[in-house]
Every structure is written in structure tokens, then in C-alpha cells.
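Accompanying notes for the structure given below.
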Amino acid sequence: MPKAPSIQMQDFLVRQPAFTGEPATADFYLDIARRLAVCLTQCELSEVLNPSVIKRTALNLTDYLQDIVADGGLWRSFVEANRKMHGRTVPFYNVGPEYVDYELNIEDVRFLVWYSVAMLSEEHRDLYPLDKGLMRMADEAFALLEGVYDDAPLPEDWRLTLGLDLKDPEDKDRIYSLGHWLFLSSYLLTPAFALDLMEIVSDPAMTKEDGSEYLQRRLESAMMENPTGPLALYYTEWLCLLMEGKLPDLMPKVNKEDAEPHPYYSAFVKATDGKRIAYFSSYDEMNRFFIEGMGWEAGKEHLSMAKGASDYILLVNPEKGMLMARGIARCIADPDNPLYDSGYAREHAFELLTMRGLCPGDLLQFIFEHDWLPDAVFPGTDDKNTVAENRDFIARCYLQQYYRGD
């Protein structure tokens, strides 16, 4: 078995919400993190994981323990939001009669181990949540946590919103600090930001100016503008959940009164006998539709930047106009889609939920509304139900702003 990664006090402290030095309970919880690292390393799955993933997973589980011991509210907020949004307590795992809200639960630990590994390990990003090795690792971690849970001291720094009022101007600075910690350091939100962070630090601009200042600006911008966490909620939405126990309205409000539909929409639905979606095997076929169906200029290659691909999809929206996707039409089980290929979809449909930029968010939501992605499975499995029952969560968790962004 590989050697367990080392976890130092500083590794533990930089993840704590208060940033006020070393809390009185630090030694106790640091010891838990170190024991978890050893426990996770002894599991078979650890042989294919980078030690840094094991280390982060151990720290995430330790912070989850602190959160529920203190009833800090972050895990509570996630559970309540997931129930409202998806009708289940935690993604993927059906809770049993022994599940106790906001206390230590095996289903919580299983989810957090999956989430940590899938978000932090590039090689195992598509890890099946019911993978036997993953389940064994999570169950071993739960047994360790269960053994210390009743004796765990209250970590006072985890009373995250104590004395804070979202509407009080005097609390503005403390609320901002809380949001900064949630986005960039917390066990629940930060793992989903890993891919964004990788893109930021690999930006060539990092080497063209003061890297630390550029990084700070990019991080601040991402925090204020991008969704994050397993539910891909925005900074203000997480704060609202945590401080007021409310899930904001996640659907954009559109004033449809007296609004004229987008001209592309009107021409499109007229050409397709009222359908909002159309499929084309080639660019030339799609371009003919633009000219003959929508009345665009004849003899011209429209949207020529899209040439060189195949299996095109066009979708129109009365407010936003038209969007296009390439290379994915064979995955869409629309009865009117002549390009649908169930064998191809069996291998590639899951990518629409996990590969950023492959399928526009509006199109993916339209597909979900019509149940046109029945073949999507975690790679290496035949389990269609797990994806079907958790498809919105999967898309949110993996795609983030590529699913929620306008």
C-alpha cells in the first residue's frame, strides 16, 4: 500500500473559516484528518489516486465533521437545497431509516468521498458513485468518524453565521469574508472550483505580469460572477441559503408581456412546422436550411466558423434567439431526430453532462425536459437509472457556469 500523505497544521488551518490563529480544537481535528489519510490510503482505490486527492479528501471529511458537530449550517444548507431542487437528501444515495438530519450519516460520507475524488482527480473525474472500491473507502472513513463523533469537541469557529445579518450594512465585511471562505476554502464548495482554478493558473497571462496580483483578480472575479459548489449556485445564493435558509428563485424572470419573439425564432418555427429544434448531418445541409428555410442570403456560407464538424443541432428560444451545437446529435433520442444512434449514445451521451462547452446549457435543459438522453451512463456501467435520477445535479456539479450561465 502507498504511504499516507502528510497533513501539517498549516494544511488544516488554511481551510478553517475564522482565520484567527489556531483554535483550541485544532489538535483534535488535525489528528482526525491524519487518521483519515491513513485510513483512506489503506483502501484499494487509493492505489490509483494521487496522494494530493487522498489528502484533500481526508481534510474535506474532517471539515464536514466540524460542520455537523457545530451545526455550522453549510451541510444543512446543501441538504435542504438538494431536497428542494431534486427531491432527495443527497445525490446518488438513497437514505435509510437510520439517517438523521444534519448529523453524521454514512450516505453523507459516501457522497463527500465521491465528490472529492471526482472533482479533484482528473483521471477519475467520471468515477461511478456506486463503484465498489469507492463505497468501501467511504464506509471505512465513516467507521472512523463514527468512533469519534460522540466525543468530538465543539469547533467554535464553525458557527459560520452567528451574529450576522445579511441585510445589516455593518456586517458587510464579515459577510464578504464568509463568502470568500465558502468559495475558495470550504470543503463543500471549493472542490467544484478545481477545474476553473486550473484554467486560471494555466492562463499565459499569469507569466506576463505580476502572477499573484493577476491570480487574485481572477479569483475575485470568479467568486462574484461564477456559480460553484456541487449545486452550482452563485455566491449570493449560497449566502442566502446559509444565512436565511432560503433557496432563491433559480429561474430567470422574463417579462413576456407584449414582447415580440426573436426574429430567428419566428422564422425557425415557421420553417419547421412549429418545432423548436432541428438536426443536420452536415454543414451544407444546415446552411441550406438557413437559406431556404429561414430566408437568409442565398449563395453565402452562413456561420462558416462551424464548418468541419457533423451532427449539428439548432435550437431556438423566443427570447434568446438561436443556438447551435456540433457533434452530439447522435446522442439525442428525439423521435424526430433522424441522426439518433443508440449505440453511439451509449458511449458518448454522458459527455453532454460532464464536458464543458460540448452542449449549451439551454439545449441540455431542453433535452432533459423531454427525456431525450436515456442512454447516458457513468463510463463502464450499464446503470441508466443513476444518471436519469440525478441528471440535473450531475450537470450542475460538472458543468457549473456552462450549465447555469446565460
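The values are calculated or read from the model by the stated rules, or taken from the named source; none is laboratory data. Quick caveat, the model's predicted, so the values are computed rather than measured. When we count neighbours, we look across all protein chains shown, and the Cβ atoms used for this are built from the backbone with ideal geometry, even at glycine. Note: areas computed on protein heavy atoms with side chains; ligands, DNA, RNA excluded. Shrake-Rupley method; radii C 1.70, N 1.55, O 1.52, S 1.80 Å.
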Exercise for the section: Among (1) 33, 29, 20; (2) 42, 24, 20; (3) 47, 20, 17, find the value of semi-axes √(5λ) of the Cα gyration tensor in Å that was calculated from the structure presented, and write down its label. Expected result: (2)
Practice task
Can you bin region 71-206 into rounded, prolate or oblate? Criterion: square roots of the alpha carbon gyration tensor eigenvalues sorted a ≥ b ≥ c, rounded for a/c under 1.5, prolate for a/b above b/c, oblate for the rest.
Solution key: oblate
Exercise for the section: Any chance you could run the full-extension gain for TRP296 through ASP371? It's 0.36 nm times the residue separation minus the Cα-Cα distance, nm to one decimal. Expected result: 23.8 nm
Fill in the blank from the handout: In nanometres, the difference between 0.36 nm per residue of separation and the alpha-carbon distance of ARG217 and ASP71 is 49.3 nm
Problem - Protection-proxy order for peptides 292-299, 145-152, each taking the mean of Cβ atoms within 10 Å per residue, highest first - result: 145-152, 292-299
Practice task
Roll a 1.4 angstrom probe over the protein heavy atoms and tell me the percent of accessible area of region 58-213 that is carbon or sulfur.
Solution key: 48 percent
Handout entry: GNM result for the chain, Cα springs below 10 Å: residue of PRO191, PRO379, PRO360 fluctuating most strongly
Key = PRO379
Problem - Segment ASP203-LYS84, length gained on full extension (0.36 nm per residue, minus Cα span) - result: 39.1 nm
Fill in the blank from the handout: Karplus-derived 3J(HN,Hα) from phi for region 315-331 (6.51 cos²θ - 1.76 cosθ + 1.60, θ = phi - 60°), whole Hz, x at Gly and Pro, runs 10, 10, 9, x, 8, 9, x, 10, 10, 10, 10, 10, x, 10, 4, 5, 8
Completion exercise
The summed charge of the GLU369 Cβ neighbourhood (under 12 Å; Lys/Arg +1, Asp/Glu -1) stands at -2
Handout entry: Calculated [θ] (222 nm, deg cm²/dmol) that DSSP helices of n ≥ 4 give over the chain, each run adding -39,500 (n - 2.57)
Key = -14000 deg cm²/dmol
Handout entry: Among the listed pairs LYS132/LYS246; LYS55/LYS384; LYS246/LYS384; LYS300/LYS320; LYS270/LYS384; LYS3/LYS384, those beyond 30 Å (Cα-Cα)
Key = LYS132/LYS246; LYS55/LYS384; LYS246/LYS384; LYS270/LYS384; LYS3/LYS384
Problem - Interatomic Cα distance distribution for region 167-206, bins of 10 angstrom, percent - result: 27, 35, 28, 10, 0
Completion exercise
Scattering profile of region 244-356 from the Debye formula, Cα beads only, expressed as log10 I(q)/I(0) at q = 0.16 Å⁻¹, is -0.86
Practice task
Rank by packing, highest mean first: peptides 164-174, 273-283, 312-322, with packing defined as the count of other Cβ atoms within 10 Å averaged across residues.
Solution key: 312-322, 273-283, 164-174
Completion exercise
Sorted by accessible surface (1.4 Å probe, heavy atoms of the protein chains only), largest first, TRP75, TRP372 come out as TRP372, TRP75
